[in-house]
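Participant: Starting off with a structure, shown below.
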């Protein structure tokens, strides 16, 4: 196994590297990147433009060049690929696994993609063509065609010979998948079992059951399967149960990371997958819709407060507590919705709706009571108006209960409708609870005064 040296990316090194790029100092570049992990080189190249980065990569060994190209994030790589010739890409992609090759080809213009495919090695070309027909967010789009496959009627010694032969084209494997003569998946056998078993033992006698995913299964479900069963790789079968590929843990980590990023952006009210360095228009388009929702909610709140102008003019102190009511309602709603979103994403939502609402209601009653009691004590001390203090506390109690209900039910409804429930933890729930809080507060004031 190749050993990599420790690499530190700091401003001093970046400045020195930029100087070497400007002077096209091949000796410094090669010496400074010798025995450096390709992932560290990828992080370094994000600091420079595409032309400079490609000049560096052309100095490296082709397999390292290909590895770095594979590791780049999709948006960066799309821009990067524009400066490659078809012949260059063909040579690099021939060094990659089928799933990584298909990912890169999907990012090329159709004409360039077809030209690259035509130049690939025959086996890789066949594998890539098969993968390109799947959407990128399903198991078929995640899987690689390279795997270790053995027959159930083989002996252990036959398996070991076949594993040695197949291993030339497969990286990072710990398991051989067992199939029948029609390539239908039967189970798996670990490399450890192959080593310790008697050489004459038949595979069918020692195979283990394995949970497979089907080609059309969504990437979120694939991630859950691998997490639940603690697999380092999971086999992929088609609707006939025929083994067609495998998905490794590194691909699933990418899926989990992308999902977390999508949820984080949804919770922040960003409607598209954007990066900080994307165009001004793309960033504006992603942020504006939910900002408009917030503005609309503010305008409605202002209009709603106008209905209670009489109460506000008679008792000005009522307005002092509007920020308290809105902030508490928003916080309670976000807490409730975040817990539901977390349960939904982890598929832990097993309770009936009645039981979940009963639990939420119980927690809201206790939280509401304690918060109302605290606010009552402070208000009596500060304002010396027992009646107003009591009204504010009653309103706060009601807001906490209603906000908990809205924060719980909203992500469930969005999930049922097929939308990302993380939207319920962003501006949507905040705006809704602002309006709800004002409605409850002023209605309580109106009734009790």
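Participant: If you go through the range 354-364 one residue at a time, do you hit one that is under 18 Å from residue 440 (Cα atoms), surrounded by fewer than 19 Cβ atoms within 10 Å (Cβ to Cβ) and either touching a helix residue (DSSP H, G or I) at 6+ places or on another chain (Cβ under 9 Å) or at pLDDT 85 or above (or both)? Write out each step before concluding.
Facilitator: Taking the range 354-364 as the starting set, the residues that turn out to be under 18 Å from residue 440 (Cα atoms) are 361, 364.
Then keep just the ones that are surrounded by fewer than 19 Cβ atoms within 10 Å (Cβ to Cβ); that gives 361.
Applying the additional criterion that residues be either touching a helix residue (DSSP H, G or I) at 6+ places or on another chain (Cβ under 9 Å) or at pLDDT 85 or above (or both) yields 361.
Within the range 354-364, one or more residues are under 18 Å from residue 440 (Cα atoms), surrounded by fewer than 19 Cβ atoms within 10 Å (Cβ to Cβ) and either touching a helix residue (DSSP H, G or I) at 6+ places or on another chain (Cβ under 9 Å) or at pLDDT 85 or above (or both).
Condition check ((1) over 26 Å from residue 232 (Cα atoms); (2) in contact with a strand residue (DSSP E or B) (Cβ under 7 Å, 6 or more places away or on another chain)) across all residues:
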position	(1), (2)
118	yes, no
126	no, no
130	no, no
136	no, no
142	no, yes
147	no, yes
152	no, yes
157	no, no
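Participant: Cβ-Cβ distance below 7 Å, separation of 6 or more or different chains: which pairs start in the range 93-110 with a residue that is closer than 14 Å to residue 245 by Cβ and end on one that is surrounded by fewer than 19 Cβ atoms within 10 Å (Cβ to Cβ)?
Facilitator: Partner pairs satisfying both residue conditions: 97/171; 102/132.
Participant: Please count how many residues of the range 171-189 are closer than 26 Å to residue 250 by Cβ and either out of contact with any strand residue (DSSP E or B) (no Cβ under 9 Å at 6 or more places or on another chain) or exposed (fewer than 14 other Cβ atoms within 10 Å of the Cβ) (or both).
Facilitator: 3
Participant: Moving on to the next point. Looking only at the range 27-54, how many residues end up being in a helix (DSSP H, G or I) and out of contact with any helix residue (DSSP H, G or I) (no Cβ under 8 Å at 6 or more places or on another chain)?
Facilitator: The total comes to 5.
Participant: Could you pull out the residue among 120, 131 that is surrounded by 15 or more Cβ atoms within 10 Å (Cβ to Cβ) and over 23 Å from the mean Cα position of the chain (by Cα)?
Facilitator: The match here is 120.
Residues are listed down the side, and each one gets a yes or a no for (1) assigned by TED's automatic domain parsing to the domain that holds residue 127; (2) within 24 Å of residue 240 (Cα to Cα); (3) part of a loop (DSSP other than H, G, I, E, B); (4) under 38 Å from the mean Cα position of the chain (by Cα):
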residue	(1), (2), (3), (4)
168	no, no, no, yes
177	no, yes, no, yes
192	no, no, no, yes
198	no, no, yes, no
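Participant: Take the residues in the range 9-33 that are touching a residue at least 24 places away in the same chain (Cβ under 8 Å) and within 19 Å of residue 65 (Cβ to Cβ); name whichever of them is nearest to the chain's Cα centre (by Cα).
Facilitator: Per the stated criteria, the residue is 33.
Participant: Of the residues 374, 403, only one is modelled with pLDDT of 80 or more, under 14 Å from residue 324 (Cβ atoms) and either in the same structural domain as residue 223 (by TED's automatic domain parsing) or surrounded by 20 or more Cβ atoms within 10 Å (Cβ to Cβ) (or both); which?
Facilitator: Being modelled with pLDDT of 80 or more, under 14 Å from residue 324 (Cβ atoms) and either in the same structural domain as residue 223 (by TED's automatic domain parsing) or surrounded by 20 or more Cβ atoms within 10 Å (Cβ to Cβ) (or both) holds for just one of 374, 403, which is 403.
Participant: Six or more apart or on different chains, Cβ under 8 Å: which pairs go from a residue in the range 47-59 that's in the same structural domain as residue 76 (by TED's automatic domain parsing) and at pLDDT 90 or above to one that's surrounded by 15 or more Cβ atoms within 10 Å (Cβ to Cβ) and part of a loop (DSSP other than H, G, I, E, B)? Could you list them?
Facilitator: 54/84; 56/48
Participant: If the requirement is being in a loop (DSSP other than H, G, I, E, B) and farther than 30 Å from residue 142 by Cβ, which of these qualifies: 16, 24? Explain how you work it out, then say what you get.
Facilitator: Values: 16 fails: in a loop (DSSP other than H, G, I, E, B).
Residue meeting the stated conditions: 24.
Participant: Looking at residue 152, is it modelled with pLDDT of 90 or more, over 27 Å from the mean Cα position of the chain (by Cα) and farther than 28 Å from residue 105 by Cβ?
Facilitator: Spelling it out, residue 152 is indeed modelled with pLDDT of 90 or more, over 27 Å from the mean Cα position of the chain (by Cα) and farther than 28 Å from residue 105 by Cβ.
Participant: Kindly indicate whether any position in the range 191-212 is in contact with a helix residue (DSSP H, G or I) (Cβ under 7 Å, 6 or more places away or on another chain) and over 23 Å from residue 154 (Cα atoms).
Facilitator: Taking every residue of the range 191-212 in turn, none turns out to be in contact with a helix residue (DSSP H, G or I) (Cβ under 7 Å, 6 or more places away or on another chain) and over 23 Å from residue 154 (Cα atoms).
Participant: Tell me which helices (runs of 4 or more DSSP H) are completely within the range 61-118 and hold 1 or more residues being more than 24 Å from residue 133 (Cβ to Cβ), or say none if there are none.
Facilitator: 62-71, 74-81, 86-93
The values are calculated or read from the model by the stated rules, or taken from the named source; none is laboratory data. Every value quoted in this text rests on a predicted model; they were computed, and no experiment measured them. Reconstructed Cβ throughout: ideal geometry from the backbone, glycine too, with neighbour counts over all protein chains shown.
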